[in-house]
Amino acid sequence: MPPPEATKGADSVEFGIHLGTRGCIANRENMMKVAAEAEAYGYGILGVNDHLIMPAAPAGNYPYTATGLHPAAQSGECFDAIATLAFLAGCTQRIKLLTSVVVVPHRPPVLTAKLFQTADILSGGRVIAGVGAGWMKEEFAALGTPPFEERGAVTDEYIQAWKALWIQDRPSMHGKYARFDNVVFEPKPVSKPHPPIWVGGESAPSLRRVAQLGDAWYPVSNNANVLLNTPERLKGGIERMHRAAERHGRDPASIDIAYVWFMPPSWKARELPDGGRQMFSGSSDDMLADAAALKSVGVNHLIVYLQRPTIEQTMDVLQRFGEEVVRKAS
């Protein structure tokens, strides 16, 4: 039997899991199994990625893999992220549910606000809206979105539209991309004032979006263009984000820090190209030290990628990391 639920200590990070909705997780039984075990082993957040359609011959411009190819490029498997959260809401009781991250321009703003609102209510207020502007031009074309080149402005305006719909009694929006007036949008989310918005991305526009619209910054460890794979590098990124917040009149302390470690943990030490041990490799004590180092630079929520080729391998890593790291860090 799994150990009882863990509680996060004041001086520890909150651990979560990032899942790709493909491979061994792309079916009902295994999704339910992972969700149940994650909750039982004390993980606080369950995140799922977002793609709606994949080109048969994608360009190699994905920034988070060495090859530039998205992990789903060959199979094309993907679930809708927000629909998956609504499913997970019925499979779990405690764990928070995160889009990691939803591509904001892919869906009309009123529809997306309603999907998040529904998942939030059905989960009892456990939804976190992780957001990004997107990167795959072919996917935008297939979905008939506003122009790919305008995705940053579209993302900003759509998030503003969500907030109006979630908060205002008679929502209205008169933007370039989102327009509605004197509508009824009920029931309001359980989360107040609305589901938390975690802004993904490591670029200057992403930092500006965090400052203007986000409740938290949610960077990834291994963007080849903005590498944040050590506590020192991440600290530098957080300092850049804080400067962006100050430029936009935002108190940096009002912005939470979440972080996704986008490489599976390994109990065999791995060496970084420039020397030193790669985080979340080596002994469990090494991994606990990594989590503490990230906490010391400001990380409050640490999302790790645990998925393996088979469900048995995935469950082994989930359970071992849960027992030896998550619970001991609490």
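For T145, indicate whether it is assigned to a loop (DSSP other than H, G, I, E, B) and either farther than 27 Å from S191 by Cα or within 19 Å of the chain's Cα centre (by Cα) (or both).
Working: assigned to a loop (DSSP other than H, G, I, E, B): yes; either farther than 27 Å from S191 by Cα or within 19 Å of the chain's Cα centre (by Cα) (or both): yes.
Considered against the rule, which asks whether it is assigned to a loop (DSSP other than H, G, I, E, B) and either farther than 27 Å from S191 by Cα or within 19 Å of the chain's Cα centre (by Cα) (or both), T145 comes out as yes.
Is segment 307-325 home to any residue that is out of contact with any His (no Cβ under 7 Å at 6 or more places or on another chain), part of a loop (DSSP other than H, G, I, E, B), open to solvent by less than 50 Å² (accessible area, probe 1.4 Å) and under 23 Å from A216 (Cα atoms)?
no
Filter segment 12-42 for residues that are of a type outside the set (G, A, S), open to solvent by less than 30 Å² (accessible area, probe 1.4 Å) and either part of a loop (DSSP other than H, G, I, E, B) or modelled with pLDDT under 95 (or both) and give the result.
V13, L19, T21, R22, C24, I25, Y41 - these are the residues of segment 12-42 that are of a type outside the set (G, A, S), open to solvent by less than 30 Å² (accessible area, probe 1.4 Å) and either part of a loop (DSSP other than H, G, I, E, B) or modelled with pLDDT under 95 (or both).
Select, from K268, K235, the only residue that is over 21 Å from the mean Cα position of the chain (by Cα), more than 21 Å from V48 (Cα to Cα) and not hydroxyl-bearing (S, T, Y).
K268
Which residue pairs have Cβ atoms closer than 6 Å, lie 6 or more positions apart in sequence or on different chains, and pair a first residue in segment 262-275 that is under 20 Å from E323 (Cβ atoms) and in contact (Cβ under 8 Å) with a residue 40 or more places away in the chain with a second residue that is part of a loop (DSSP other than H, G, I, E, B) and open to solvent by 70 Å² or more (accessible area, probe 1.4 Å)?
Pairs that qualify, where the first residue is under 20 Å from E323 (Cβ atoms) and in contact (Cβ under 8 Å) with a residue 40 or more places away in the chain and the partner is part of a loop (DSSP other than H, G, I, E, B) and open to solvent by 70 Å² or more (accessible area, probe 1.4 Å): there are none.
Starting from residues that are open to solvent by less than 30 Å² (accessible area, probe 1.4 Å) and in a strand (DSSP E or B), keep the ones in segment 295-306 and report whichever is farthest from N30 (Cα to Cα).
Selected residue: H301.
Of everything in segment 84-120 that's out of contact with any strand residue (DSSP E or B) (no Cβ under 7 Å at 6 or more places or on another chain) and either charged (D, E, K, R) or closer than 10 Å to D50 by Cβ (or both), which residue is surrounded by the most Cβ atoms within 10 Å (Cβ to Cβ)? Don't jump to the end; show me each part of the working.
Our first condition is that a residue be out of contact with any strand residue (DSSP E or B) (no Cβ under 7 Å at 6 or more places or on another chain); within segment 84-120, this holds for 86-87, 90-94, 105-109, 111-115, 117-118.
Checking the rest, the ones that are also either charged (D, E, K, R) or closer than 10 Å to D50 by Cβ (or both) come to 94, 106-107, 114.
Numbers: R94: 12, H106: 24, R107: 20, K114: 17.
Here the answer is H106.
Could you tell me whether any residue of segment 116-123 is out of contact with any helix residue (DSSP H, G or I) (no Cβ under 8 Å at 6 or more places or on another chain) and either more than 28 Å from A164 (Cβ to Cβ) or at pLDDT 95 or above (or both)?
yes
Does R151 satisfy the condition of being open to solvent by 60 Å² or more (accessible area, probe 1.4 Å) and either β-branched (V, I, T) or not in a loop (DSSP other than H, G, I, E, B) (or both)?
When the stated conditions are applied, R151 passes them.
Before we move on, is R233 assigned to a helix (DSSP H, G or I) and free of Cβ contacts under 8 Å to residues at least 24 places away in the same chain?
yes
Return the residue satisfying two criteria in turn: it lies in segment 261-289 and is open to solvent by less than 20 Å² (accessible area, probe 1.4 Å) and of a type in the set (S, T, Y), and of such residues it is farthest from A40 (Cα to Cα).
Ranking the qualifying residues of segment 261-289, first place goes to S281.
Which condition number in (1) surrounded by fewer than 18 Cβ atoms within 10 Å (Cβ to Cβ); (2) within 18 Å of W217 (Cβ to Cβ); (3) among the aliphatic types (A, V, I, L, M) is the one that A292 fails?
The failed condition is (2).
For segment 89-105, enumerate the residues that are under 13 Å from F116 (Cα atoms) and in a helix (DSSP H, G or I).
Listed by number, the residues that qualify are A89, V104.
The values are calculated or read from the model by the stated rules, or taken from the named source; none is laboratory data. Here the structure is a predicted model, which means the values were calculated and not measured. Cβ: placed from backbone, ideal geometry, glycine included. Neighbour counts: every protein chain shown. With ligands, DNA and RNA removed, areas are computed over all heavy atoms of the protein, side chains included. Shrake-Rupley method; radii C 1.70, N 1.55, O 1.52, S 1.80 Å.
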